Every structure is written in C-alpha cells, then in structure tokens.
Amino acid sequence: MGHFRRSVLGGLAVGIVAQSVMAGPYTIAQTNVGSDFFNNFQWENISDPTNGRVEYVTKETAQAKNLTYATEDSFVMRADSTTNLTADGPGRMSNRIKSNAQYNTHVAVFDIRHMPQGCGTWPAVWEADDTVGAASGEIDILEGVNDLAPNSVTLHTEGNCTVPSNRTQLGTPLSNDCSDTADIGNGNNGCSVDAPYTSSYGPVFNSNGGGYYAMERTSQFIRVWFWARNQDGIPSDITGGASSVDTDNWGTPIAYFPDDNCDINKVFGNNNIVIDLTFCGNWAGADFTEIGCGSDCILVNENPSAFSDAYWDFAAVRVYEGSSS
C-alpha cells in the first residue's frame with residue numbers, strides 16, 4: 001500500500017508501445033465467496049505502516065464487533081462507526097487482511113459491490129509481501145483517499161524499474177519510475193496510472209453497484225482492467241466467474257506496465273493479496289482538505305457516524321494460474 005501522492009509529470013502520454021506478449025488462458029486456482037475469506041485470508045492486527053489513525057483488529061475481534069461477516073454470496077469488512085476516540089487512545093477499528101497463499105504469475109479478479117468511502121478514508125486492494133516492504137515489489141490495484149476519484153494503479157519496487165512514457169493503456173500515466181528510492185525527499189510515488197473513469201473509485205463506484213477489477217502479472221508485463229458493474233461489454237468470463245479466463249479477450253487495460261526497462265522477475269517476488277482500510281496517515285491526512293473535508297483529520301476521532309459507508313462488500317475474489325510466465 002503505497003504512500004503515493006498525485007503529481008502529474010509533464011510530457012507523459014498514453015500511446016504507442018503495444019502489448020506484444022500474448023498470455024493465453026488461465027485456470028481457476030482459488031475462489032473466495034462469502035465465508036471462504038475466513039479460511040483463505042489472515043487478519044493482520046499490526047501497527048499501520050502508513051501511520052494511519054487506525055487500529056487493525058484480529059479476526060475474532062472483528063467478528064465479535066460485527067466489523068466483518070459473510071453471507072452465502074457476500075463478504076463484508078467495515079470500520080467502527082459508533083465509537084468516539086480519544087486523542088491519545090487507539091485509532092478507529094478496521095480490518096487489514098492478506099491471503100494465506102502467495103502468487104507469482106497469475107490473474108486476480110475482484111468482484112466488488114461496495115468500497116469504503118468518506119473523508120479520511122484510505123482503502124486499498126494490493127499485492128505485496130508486506131513482511132519485506134517493497135523488496136518483493138508491490139502492485140496497488142485499487143487505492144485512493146478522501147473520495148478523490150479516479151482510482152490510481154501503482155507499482156512500487158526496491159530495485160530499478162522504469163516503464164515507457166508511451167504505452168497502450170486507457171489510463172493517464174503520472175510517473176514512469178517505479179523505484180521507491182528514485183525521489184528521496186520528494187515523496188516518490190512509484191509509477192502510477194490514473195484510471196480514465198470516475199466510476200473507478202469512491203461514491204460513483206458505489207452508486208453504480210461497484211464493479212470488477214482484474215490484474216494480470218507475468219514475467220513480461222503487469223496489466224490492470226476495470227469495468228463498472230452497469231457498463232456494457234464486460235467479458236462474460238469476468239461476470240460469470242468462469243473456471244478459466246483469457247486476458248487477451250479483455251481489450252485495452254486501464255494500466256499496462258511492460259518489462260522494457262524493468263526486470264519484473266527480479267524486482268517482484270511471490271506476493272500476497274492484501275485488502276485494508278486505514279484513515280488519514282501519510283496520504284489521506286496530507287490531502288484531507290482537497291475536497292472540503294475540513295482542516296485536519298480530527299474528524300476520524302470525533303465523528304464515528306461519518307464512517308457508516310466505510311466498508312468493503314466483496315461478491316468474490318478469484319485467482320487464476322497456469323498460463324505462460
């Protein structure tokens with residue numbers, strides 16, 4: 001979960017580097033629907049590495065306080081929305097989970113009905129080995145703060161990794177140097193791409209009934225797609241939760257990161273899927289006033305009802321493996 005701040009760099013454009021590697025079909029490796037999440041993910045009750053005003057709770061605490069629950073076709077994780085916090089006490093209770101399994105070459109499809117929204121929120125769906133930081137690479141698939149659309153897709157690496165300015169994607173590149181050491185002192189943000197749709201994040205995403213994110217990682221490239229739930233032309237293997245998917249039929253992704261000047265196998269290792277919700281912190285706190293949220297993130301302490309919509313509702317998370325590497 002990166003600390004990135006939006007700062008468009010001049011001269012970056014969407015364009016001409018084509019996706020030349022055809023990955024082919026993938027076969028289902030794991031389906032997470034409803035209570036499957038309790039078996040296949042672990043709750044991380046850790047101190048927030050991004051300095052958020054949050055208390056990540058255990059699975060047992062989350063279930064006891066109704067901060068997570070599942071039905072036959074839904075998995076929900078939500079923030080506490082009833083407790084007033086003291087300035088020197090713990091942060092707002094929330095969930096941070098990661099998959100038990102780690103993945104390398106794969107496709108992950110996230111069928112999301114609702115994502116956390118509200119001032120002070122910083123939700124993210126990402127892949128990393130969070131025990132080693134960026135040393136195993138990081139892919140931020142869905143991430144943003146304070147209801148500021150659109151979604152940003154970002155890679156963070158510890159080793160050298162750059163991507164071309166001109167490449168075939170629908171989103172807008174904000175930066176091309178993925179290394180977290182490239183801009184020391186200037187808050188380096190990894191290599192980020194803004195999605196082309198406001199429906200990709202926050203209240204508009206939720207008003208459409210959510211949507212689908214898909215991420216493909218190979219040794220040659222990383223690609224991310226997004227479809228709003230109410231749009232036409234969503235691939236049937238996405239909407240149907242198919243037993244196999246063919247990414248070459250999904251059209252142009254919102255974000256495309258080829259290996260032209262980035263040895264993906266070198267800077268990315270085996271990673272977990274991570275889903276979380278923090279508050280304020282290094283990014284959401286810094287950008288708190290941008291949409292009229294107030295002068296500072298004290299809101300998180302004093303207005304619990306403001307977080308009644310700060311919840312995830314997943315219809316499914318499916319992981320596919322078995323294609324070329």
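Nothing in this text is a laboratory measurement; each read-out follows from the coordinates by a stated rule. Computed from a predicted structure; not experimentally measured. Note that we place each Cβ from the backbone using ideal geometry, even for glycine, and neighbour counts take in every protein chain shown.
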Lys/Arg +1, Asp/Glu -1 at C-beta; the chain dipole; positive extreme among P25, L174, P235
P235
Using r as the Cβ-Cβ distance of Q102 and N303, and R0 as 45 Å, what FRET efficiency do you calculate, to the nearest 0.05?
0.75
Calculate the radius of gyration of the Cα atoms of the stretch 103-243 to one decimal place, then report Dmax, the largest Cα-Cα distance, as a whole number, both in Å.
15.2, 46
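For the residues E60, E143, what sequence is obtained by ranking on other C-beta atoms within 10 Å, fewest first?
Values: E60 10, E143 21.
The order, fewest Cβ neighbours first, is E60, E143.
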Taking 0.36 nm per residue of separation and subtracting the Cα-Cα distance, what length does fully extending D260 through A135 add?
43.0 nm
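For the residues I298, I112, I46, what sequence is obtained by ranking on other C-beta atoms within 10 Å, fewest first? Let's see the in-between values first.
Values: I298 15, I112 22, I46 9.
Final ranking by Cβ density, sparse to dense: I46, I298, I112.
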Residues meeting the amide H criterion for N303 (H placed from the backbone, H to H distance under 5 Å, 5 or more places apart or on another chain) are none
Quickly estimate the mean residue ellipticity at 222 nm for the chain, helices only: each DSSP H run with n ≥ 4 gives -39500 (n - 2.57), and the total goes over all residues, rounded to 500.
-1500 deg cm²/dmol
Dividing the alpha-carbon radius of gyration of the stretch 188-245 by 2.2 N^0.38 Å, where N counts its residues, gives 1.29
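Arranged by the count of other C-beta atoms within 10 angstrom, fewest first, what order do F226, F314 take? Before the final figure, lay out each step's value.
On the way: F226 27, F314 24.
Exposure proxy ranking, most exposed first: F314, F226.
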Can you compute the modelled spin-label distance between T168 and N45, with each label point 7 Å from Cα toward Cβ, in nm?
4.9 nm
Taking amide H positions as placed in the peptide plane 1.01 Å from N, state which residues far from I222 in sequence (5 or more) or on other chains have amide H under 5 Å from it.
F257
What translational D, rounded to a whole number of µm²/s, comes out for the stretch 53-145 from Stokes-Einstein when the hydrodynamic radius is the Kirkwood one over Cα pairs, at 25 °C and 0.890 mPa s?
160 µm²/s
In Å, the Kirkwood hydrodynamic radius from C-alpha pairs for the chain sits at 19.6 Å
Hey, how many Å between the Cα centroid of the stretch 96-148 and the Cα centroid of the stretch 237-275?
14 Å
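Under the 0.36 nm per residue contour assumption, what length would be gained going from the current alpha-carbon distance of N249 and D36 to full extension?
On the way: separation 213, 0.36 × 213 = 76.68 nm, distance 2.84 nm.
So the extension gain works out to 73.8 nm.
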Could you give each residue of the stretch 63-77 its phi-based ³J(HN,Hα) in whole Hz, using Karplus coefficients 6.51, -1.76, 1.60 with θ = phi - 60°, and x for Gly or Pro?
5, 5, 9, 6, 8, 8, 6, 9, 10, 4, 10, 8, 10, 10, 10
Antiparallel as a % of all DSSP beta bridges within the chain, to the nearest 5?
95 percent
